[in-house]
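Everything below concerns the one structure shown next.
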């Protein structure tokens, strides 16, 4: 026992002596001919695994197409599973940045994960690409410097869609039904703001818990005198909603419109005729008829044997963005300030979704497509029926005035004109 | 029969001392041996300590008093939320924030204790489960206060909030270690005190303890509150560690994982749950770096433990088979 005590005392002294000197010590950087390390974090298991895998697939497809090489350096991807739990995401990000010493991070799916990672990313000064996380405030009221969003904000396509619904679809009165969390509020809020500003009216807002299994109690609440129902659902809830909307006899009577993810290609192949005619808006559609998108869809189909969802496109674009920035700095990603600058000033025109550049707040300015579900050659697709070019997250509003407004919430009421 | 720490075998005492020395000396060792990995490894150790403390707090209930709580992550989460709300929105000072975190968690357990202390076994499990779900629901839906699903981010660093001149993973680790060891000492004192022995008596036979004139309700109530208080301490550390809080801290998954930590390590031993927590944190993070099928391995570990170490890892190869 005394021996153990002596060893222990010695260790304590040694560790105490070293404590002061170690606090500020940083590990040496690898030389520049090392591979560029990309840390990927996303849900690869659990309820959101499919979305996470789509994101990862899109990234790997692009890196494969360029042979995992950019500006003469190899690209190495280290992927970690965060189970869509914010605290796990943080732990995995720490592992990637502190242990694996990645040069750049990418990934994340949910808004909660996005908010959890943001302060850590800012503090560790490693750039991170958010291909999907659409929480408005990440590039608005709570924006940082090191996060580069190549995706969208939840309200962005819906601003355009509100105007389209009023002027082109000639809708006057709309009920909304959506998942009850920030993504739902921001999508519905964006739609409500422009739709009501043009003269329309949102007569009802119905919120369903994220764990909703049966839509009967919610569908029964929908007033029959509305011109259309606006819906936002994802994954299993989207499938279930579409089926029940038809079973309730609503499909025959009331037009169904919604946010893009409701009919996104991650659920569309599993839907049937109940989805036909649904009109939604998003910054991407797999049916977009451009050379860049046709090539992407063909390559994705060949590799993964399915149609790409917007999640898959998101990180295909994200990877391309990353490589464009790596090439702009000649592969010297170790100069993080220059690399960050390059990431923020990339402009790409040949993306599957069309041209994209970032605004001063770090959010993409990109096309918004209004899509209608149609059956073509036996398969459902989101046929593009209208395009709003170069839509910003602030729509047509002045950014400064926009940011003085509160974030879209569950109780959002549009400002008086 | 579990051993109390006063009758710990020499072997186990030696293990404990080595573990203690290891915890103190590990970070500098990491720095010497694996310079690139140091800060990440220290972070993992910090996580292990925080969850170790949380698992030990549940052990008071589950292992010593025999009350299987399925909503224990609730107190952990509520304390974390108190820290987050006070430090970000109200810019409260460090000591006020910590005191309020502890007070909110403890008062809540004192209130919930009134509702649950009169029931046992599966009824206790179900009520605590329901209360845990209520807390989760509040964190998810009371958006002006909690930020809902998005959580609250941007908490200050513990080091700067406390006003110490060092910052980084190492000072945080040693602060956590000090809190952890202090809590260990308090919990060890508690379970070996007459009060702690009465808790064990209640676990073994409540009717006998009643006939001895013990107010068993009060003892169960107090053990619930004490356990909630220690869980709050872990919650405060976790909030500062992540500088972020979200409803996932107190959801059912968190509570059940905590339950697994205690069961894996060996309930009613204090040391066991801490080991269980450490093992799970380590497995989750180390295995997942090597394989995508890490959940499979974690599941296998649980099954193997149930088959070959039903009393938990800490009781592995112990002397209590003779009980049969």
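The values are calculated or read from the model by the stated rules, or taken from the named source; none is laboratory data. Remember, predicted model here, so these are calculated numbers, not experimental data. No Cβ is skipped: glycine too gets one built from the backbone with ideal geometry, and neighbour counts run over all protein chains shown.
Only one entry in B:115, B:54, B:96, B:49 is within 24 Å of residue B:158 (Cα to Cα) and without any contact (Cβ under 8 Å) to a residue 60 or more places away in the chain, namely B:96.
For residue A:330, the requirement of being over 24 Å from residue A:293 (Cβ atoms), assigned to a loop (DSSP other than H, G, I, E, B) and assigned by TED's automatic domain parsing to the domain that holds residue A:294 is met. Filtered by the rule that a residue be outside any helix (DSSP H, G or I) and either within 14 Å of chain B (Cβ to nearest Cβ) or buried (at least 21 other Cβ atoms within 10 Å of the Cβ) (or both), region A:172-199 gives A:174, A:175, A:176, A:177, A:178, A:179, A:180, A:181. I need the full set of residues from region B:159-178 which are in a loop (DSSP other than H, G, I, E, B) and either under 30 Å from residue A:211 (Cβ atoms) or out of contact with any helix residue (DSSP H, G or I) (no Cβ under 8 Å at 6 or more places or on another chain) (or both), in order please. Scanning region B:159-178 gives a single hit, B:165. Of all the listed residues (B:238, B:217), the sole one being buried (at least 24 other Cβ atoms within 10 Å of the Cβ), modelled with pLDDT of 90 or more and either in a helix (DSSP H, G or I) or at positive phi (or both) is B:238.
Of the residues that make up region B:241-250, is at least one closer than 26 Å to residue B:175 by Cβ, more than 12 Å from chain A (Cβ to nearest Cβ) and within 13 Å of the chain's Cα centre (by Cα)? Within region B:241-250 (the criterion being closer than 26 Å to residue B:175 by Cβ, more than 12 Å from chain A (Cβ to nearest Cβ) and within 13 Å of the chain's Cα centre (by Cα)), the answer is no, since none of the residues qualifies. Could you list all residues from region A:69-82 that are more than 14 Å from chain B (Cβ to nearest Cβ) and buried (at least 17 other Cβ atoms within 10 Å of the Cβ)? Selection gives A:70, A:73, A:75. Scanning region A:356-375 for residues that are in contact with a strand residue (DSSP E or B) (Cβ under 6 Å, 6 or more places away or on another chain), surrounded by fewer than 23 Cβ atoms within 10 Å (Cβ to Cβ), without any contact (Cβ under 8 Å) to a residue 60 or more places away in the chain and assigned to a strand (DSSP E or B) turns up at least one hit. Cβ separations smaller than 7 Å between residues 6+ apart or across chains give the following pairs from region B:6-19 residues that are part of a helix (DSSP H, G or I) to residues that are modelled with pLDDT of 80 or more: B:6/B:192; B:16/B:271. Set side by side, the residues A:319, A:270 differ, and just one is outside the structural domain of residue A:379 (by TED's automatic domain parsing) and either at pLDDT 95 or above or touching a helix residue (DSSP H, G or I) at 6+ places or on another chain (Cβ under 9 Å) (or both), which is A:319. Scanning region B:271-318 for residues that are more than 22 Å from residue B:253 (Cα to Cα), touching a residue at least 12 places away in the same chain (Cβ under 8 Å) and more than 22 Å from the chain's Cα centre (by Cα) gives a single hit, B:318.
Only one of the numbered conditions (1) loosely packed, with under 15 Cβ neighbours inside 10 Å; (2) over 17 Å from residue B:240 (Cα atoms); (3) at pLDDT below 90; (4) more than 14 Å from every other protein chain (Cβ to nearest Cβ) is not met by residue B:163, and that is (2).
Filtering region A:268-285 to residues that are buried (at least 23 other Cβ atoms within 10 Å of the Cβ) and under 16 Å from residue A:300 (Cα atoms) leaves A:284, A:285. Taken together, the residues in region A:286-319 that are over 19 Å from residue A:157 (Cβ atoms) and assigned to a loop (DSSP other than H, G, I, E, B) amount to 3.
The requirement of being surrounded by fewer than 21 Cβ atoms within 10 Å (Cβ to Cβ), out of contact with any strand residue (DSSP E or B) (no Cβ under 9 Å at 6 or more places or on another chain) and in a helix (DSSP H, G or I) is fulfilled nowhere in region A:387-398; no residue meets it. Filtered by the rule that a residue be out of contact with any helix residue (DSSP H, G or I) (no Cβ under 8 Å at 6 or more places or on another chain) and not in a loop (DSSP other than H, G, I, E, B), region B:198-214 gives B:204, B:207, B:211. Comparison of B:144, B:156 shows that the only residue that is out of contact with any strand residue (DSSP E or B) (no Cβ under 6 Å at 6 or more places or on another chain), within 14 Å of chain A (Cβ to nearest Cβ) and not in a helix (DSSP H, G or I) is B:156. Taking region A:98-116 as the search range and keeping residues that are surrounded by fewer than 24 Cβ atoms within 10 Å (Cβ to Cβ) and either closer than 17 Å to residue B:245 by Cα or at the interface with chain B (Cβ under 8 Å from one of its Cβ atoms) (or both), which one is modelled with the highest pLDDT? The qualifying residue modelled with the highest pLDDT is A:101.
Of all residues in region A:118-138, exactly one satisfies the criterion of being at the interface with another protein chain (Cβ under 9 Å from one of its Cβ atoms), out of contact with any strand residue (DSSP E or B) (no Cβ under 7 Å at 6 or more places or on another chain) and crowded, with 24+ Cβ neighbours inside 10 Å, namely A:135. In region B:14-39, of all residues being modelled with pLDDT of 80 or more and more than 8 Å from chain A (Cβ to nearest Cβ), the one that is farthest from residue B:174 (Cα to Cα) corresponds to B:15.
Looking at A:72, A:67, just one residue is in contact (Cβ under 8 Å) with a residue 40 or more places away in the chain and either out of contact with any strand residue (DSSP E or B) (no Cβ under 8 Å at 6 or more places or on another chain) or assigned by TED's automatic domain parsing to the domain that holds residue A:185 (or both), and that residue is A:72. In the set (1) buried (at least 24 other Cβ atoms within 10 Å of the Cβ); (2) more than 8 Å from chain B (Cβ to nearest Cβ), the condition left unmet by residue A:141 is number (1).
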